[in-house]
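Structure record follows, encoded as structure tokens.
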Amino acid sequence: MNASFLLFTLLNTGFILLVSPLFMSLIKKVKAYAQGRKGPRLLQNYLDLRKLMQKEVVYSPNSSGIMRIAPYLNLAVLLLASLFVPVVFIPDAPAGIGNIIVFLYLLAIERFFTALCGLDAGSSFGGMGSSRLMSLSAVIEPTMVIAFAALAYVLRTVNFHEMFAITAGSTIPESPTLTLISISLFIIIIVETGRIPVDNPATHLELTMMNEAMILEQSGKNLALIELTHAVKQTILMAILINVLVPWGLVTELTFAGLAVSCLYFLLKASLLAGLIGLFESSIAKMRLFRLPSFYMMAFFFSALTILMEVFA
Amino acid sequence: MISSFIANPAFLEDIIRILFVFVLITAAFTLSTRNIASLLTVYAVQSLLMVLIAIFLYLIEGNKTLIAIAALTLVSKVLLIPLFINLIGEKIKISRDLKFNYLEPTASLLVSIGLILLAYVFLSGFFSEFILGKLFFMGAVIGLSLTLMGMLVMFSRRKVITKAIGYLTMENGVLLFGIFVADLPFIIEILIVIDLMILVLLTTILAIGLDSTIEEYHQRLQTLKIWSGREN
């Protein structure tokens, strides 16, 4: 492992951890404005996390060790996944870091433990959330695999670092089909972070609950970790879309000025994307659970189309 | 700056490819949108994309017919036909076409992936990429797929108005195919547009309310005592 990669590990992970809660607040703020409310302060999520960190954790007497380790494990897995998606600069990574297939499995591990966590306390709500998550994952995972396969096919590599190096080096989108694939990636962000129309993150209503149902039993520090994991996941997925479609500003060399430019550009682009997500969420209604596969099918259609278009071109 | 971009064929070809992608996106929306007003907007956008494709192709090829086709499409398909259907749609209160025959939107999207593949395989049997050039071959494939997807819309939608939009989408596909492969004479393009106008007119008159399905239409004719359906 070289020094540049070590530095990347610290900087990239630190930066993503630092800015993730901000984007969550930003989406809330945009949604609030769309509804004619003022909404929470931009720093509110940080304050919430601090408050939760200081609180005591309460475990259900029925819960097992899963409940205790899952929040730590999930955050660790997601932070490992964040190394796959460079936002500060593109380092000389050791083999395996940046591989799409490993990345998909890391996301799957996180989903698996979240579902287990929901089941662990034995409450009917948690079980319902887990069951919904798992049945919908069976539909969204093939879509995700196809979307990332299309990305790999277009850019001729299965490594995120190499992909971003290619896109960062070009002025217009590398291939016209990347426009198509960004639609799929956007749908994946919405689905994976449990936003409207898939799930409503703002309510605890039985009918709409999926992600919220699974974390209902969590409290204190563990809840803070889970919220943070969720925020990190959202930032990583947003970073993939940004680095594929509008990669300008991402540097491949490690310099102080370059780093500053990279971070600033990312912050700007991600804020815009967060605003877009907020607007998208405000503009449509929650879908019925059984309607959701057709929403995923859109992502599947565009990904399959991307591969076809590449074959024609 | 801009003129140097316009003079660069590789850049123009890239733009046309991006437009192809958008054409397919509009086709996907035509298959799955339930709101009739947005369906019309999608159709107008699709026709506008045809106009842009024709203009960019003119910049590459310099064939004046393309400009004429672009102008004709702009006037008829982007402005007149959507406006006309919209006017009628406002008079007869309908806003959604919720019902689908045989295929739900999810299934139609899957089928249309198959159709695109079919178009590709079918056309590569006729012309190879080397005869036509890559861009033109792609245009032919997209044109044929759009025609087939329009047919799928006609097949899977219940209401007459959405079926008409399926037919109009098919015509857009034929136009695209014509621009890139067959080099249709301009007079035929004009005739097709006149046909379209008359088709839309007839559909509106005959359907006595665009919101009826074929079965309901029969019923309505009987109720209104226009045609009893039996020999007297």
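Read the figures in this text as sums done on the coordinates, not as results from a lab. What you see is a predicted model, and the numbers here were worked out from it, not measured in a lab. Note: ideal-geometry Cβ built from the backbone for every residue, glycine included; neighbour counts use all protein chains shown.
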Inset, instruction - Using only Cα atoms, find the angle between the long axis of helix A:65-82 and the longest principal axis of chain A, and express it within 0 to 90 degrees, rounded to the nearest 10. - result: 20
Legend entry - Student exercise, the range B:2-200 dipole from Lys, Arg, Asp, Glu Cβ charges, in Debye to nearest 20: 820
Inset, instruction - Using +1 at the Cβ of each Lys and Arg and -1 at the Cβ of each Asp and Glu in chain A, identify which of A:A149, A:L79, A:N222 lies farthest towards the dipole's positive end. - result: A:N222
Legend entry - Three-way shape call for the range A:36-108 based on the alpha-carbon gyration tensor, with the a/c threshold at 1.5: oblate
Inset, instruction - Return a whole-number percent for the relative contact order of the range A:3-312, with Cα pairs under 8 Å and 6 or more residues apart as the contact set. - result: 31
Legend entry - Crossing angle, helix A:100-120 versus chain A [Cα axis fit, 0-90 degrees, rounded to tens]: 0
Legend entry - A:N99 long-range amide H proximity, modeled H, under 5 Å: A:F160
Legend entry - Residue among B:V121, B:T33, B:S47 farthest towards the positive dipole end of the range B:2-200, charges placed on Cβ: B:T33
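Can you compute the charge dipole magnitude of chain A about its Cα centre, using +1 on each Lys and Arg Cβ and -1 on each Asp and Glu Cβ, nothing else charged? Give it in debye, rounded to the nearest 20.
920
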Legend entry - Nitroxide proxy distance, nm - points 7 Å out along Cα→Cβ at A:V311 and B:L83: 4.3
Legend entry - Longest exposed-site-free window of chain A, the sites being GluC sites (Glu not before Pro) in a DSSP loop that have at most 16 other C-beta atoms within 10 Å: A:57-205
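Pairs A:K31/B:K99; B:K64/B:K134; A:K31/A:K55; A:K51/A:K286; A:K28/A:K51; A:K286/B:K99: which exceed 25 Å Cα-Cα?
A:K31/B:K99; A:K31/A:K55; A:K51/A:K286
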Legend entry - Charged-residue dipole, Cβ positions (Lys, Arg, Asp, Glu), the protein assembly as shown about Cα centre, Debye nearest 20: 1580
Inset, instruction - Let me know the longest stretch in chain A that avoids all chymotrypsin sites (Phe, Trp or Tyr not before Pro) found in a DSSP loop with at most 16 other C-beta atoms within 10 Å. - result: A:60-247
Inset, instruction - Take the alpha carbon gyration tensor of the protein assembly as shown, find the square roots of its eigenvalues, order them as a ≥ b ≥ c, and report rounded if a/c is under 1.5; if not, report prolate when a/b exceeds b/c, else oblate. - result: oblate
Legend entry - Per DSSP, loop trypsin sites (Lys or Arg not before Pro) in the range A:258-300 with at most 13 further Cβ within 10 Å: A:R288
Legend entry - Degrees, to the nearest 10: A:44-54 long Cα axis against longest axis of chain A: 50
Inset, instruction - Rounded to the nearest 500, what is the 222 nm mean residue ellipticity of chain A from helices alone, with -39500 (n - 2.57) per DSSP H run of 4+ residues and division by all residues? - result: -24000 deg cm²/dmol
Inset, instruction - Using only the Cα atoms of the range A:1-139, build the gyration tensor, take square roots of its eigenvalues as a ≥ b ≥ c, and label the shape rounded, prolate or oblate: rounded if a/c is under 1.5, else prolate if a/b is larger than b/c, else oblate. - result: oblate
Legend entry - Positive-pole candidate from A:A168, A:P201, B:V111, dipole of the protein assembly as shown, charges at beta carbon: A:P201
Inset, instruction - Work out from phi, with θ = phi - 60° and the Karplus expression 6.51 cos²θ - 1.76 cosθ + 1.60, the ³J(HN,Hα) of each residue of the range A:28-35, listed in order in whole Hz, and give x for Gly and Pro. - result: 4, 5, 4, 4, 5, 4, 5, 9
